[in-house]
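Since every read-out is calculated from the coordinates, none of them should be taken as a lab result. For clarity, every value in this text was computed on a predicted model and none was experimentally measured. Here Cβ is always computed from backbone atoms with ideal geometry, including for glycine, and neighbour counts include all displayed protein chains.
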Amino acid sequence: MAVELDSDFGSIDVADLALRLDIPLVDVEKVADEHPFPVMNYRRIREHEKGVFYQTVIDYLRLMAEADGQETELKIWRSEWSRVLDRVLVEGITLETLRPDYFHFQTMRLDGEYVSVEDPLFEHKVYVTLLNFLFSKYLLGYRKIVDLGCGTGTSLYLLSQINRKAELYGCDWVPESQEIVNAIGRSLGGSISGLNFDMKTAIGQHTLPIDNETAVITIHSMEQLGSNFVPFLELMLKKKPKLVLHVEPLVELYDEDNLFDKMAVTFHRQREYLEGYLTRIRELAREGRVEIITERRLQFGSTWHEAYSLLVWRPC
């Protein structure tokens, strides 16, 4: 899918989002009536700017290639989420206080090209807007939703407003994450709980309330698994949730013969992000062990890669 850009300037609006998500426009408009649609304007990088910017990206990737491996350490995430926890304890629970610090890029990837945005919160606005629509489309009927690798709990905050009757569980390997999720529960009421779970090892799986009536979601958390997704996948095949929804970087959806995509693939692999997962899900679908409901590249990302591809499936 590619959305045609007719000029240097554009905006992600309801019509754009309907096409990007393959959702009927009337359905997008209904959700937009309940969840205010933010202004998300951009400017395409002009021809005379491309050479310099592409070279900047390539130079950075070369430096990355000389650096040590990028495997995530617990102490890094504890530091990141501690800052958010301190903020929410002082200022309360809002989308702003829950926002991680890494939403700051002002050059974005959109429909096969770079665009420039003046709003430093542009990506976070797209992120929240996408989740509002995806959750409204796929998760309205569920009584129990488990967010694996929930981070600061933004997804749970949004779900608490979209599906008010659901039991919500936020699972992460970082203790501060559970504290944030429990703070969300205390602030908003309802059934919102934080649980400790390590997606790489499946340690903590005995606490997960997943059954065949549960929806499981991962938002930008599978990327950290690299090729070590087998414990997670085996757990899903064993527990058999009714639905599994991912918003993740899926390297298989890039075109490695295209320079724009090749730069994202290079970054993805230098960071040791998710590798082989979609390929395995496709194999399982051919074997009749899972059903793929949708597999879609949304053609949007930060400067370095696209962490917004959509995969929805269920065990058979």
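Observations, loosely collected:
- Angle in degrees between helix 122-138 and the longest Cα principal axis of the chain, rounded to the nearest 10: 50
- Global geometry of segment 70-171, whether rounded, prolate or oblate, following the gyration tensor of its Cα atoms and the 1.5 cut on a/c: oblate
- For segment 265-316 versus segment 24-97, the inter-centroid distance based on Cα atoms is 19 Å.
- Beta bridge orientation in the chain: antiparallel %, DSSP, nearest 5: 55
- Restraint check, LYS144/LYS239; LYS137/LYS242; LYS200/LYS242; LYS200/LYS238, Cα-Cα greater than 19 Å: LYS200/LYS242
- Under the criterion of Cα pairs below 8 Å and six or more residues apart, the relative contact order for the chain equals 17 percent.
- With contributions of -39500 (n - 2.57) from each DSSP H run of at least four residues, the per-residue ellipticity at 222 nm computed over the chain stands at -13000 deg cm²/dmol.
- Within the shell defined by Cβ-Cβ distances under 15 Å, the residues around LEU139 carry a net charge of +2, with Lys and Arg each +1 and Asp and Glu each -1.
- Compactness of segment 192-314 as Cα Rg over 2.2 N^0.38 Å, two decimals: 1.07
- Most to least packed among 166-173, 272-279 [average Cβ atoms within 10 Å]: 166-173, 272-279
- Computed log10 I(q)/I(0) for segment 81-129 at 0.24 Å⁻¹: -0.88, from the Debye equation with unit scatterers placed on every C-alpha and solvent omitted.
- Peptides ranked, highest mean first, by Cβ atoms within 10 Å: ranges 92-103, 259-270: 259-270, 92-103
- Our analysis of segment 262-316 gives Rg over Rh at 1.04, with the two radii drawn from alpha carbon positions and Rh computed by the Kirkwood formula.
- Tensor-based shape of the chain (alpha-carbon gyration tensor, a/c under 1.5 rounded, otherwise prolate or oblate): rounded
- Kirkwood Rh, Cα atoms: Rg over Rh of segment 153-200: 0.96
- Mean projected area of the convex hull spanned by the Cα atoms of segment 134-238, taken over all viewing directions: 6.1 nm².
- Global geometry of segment 1-138, whether rounded, prolate or oblate, following the gyration tensor of its Cα atoms and the 1.5 cut on a/c: oblate
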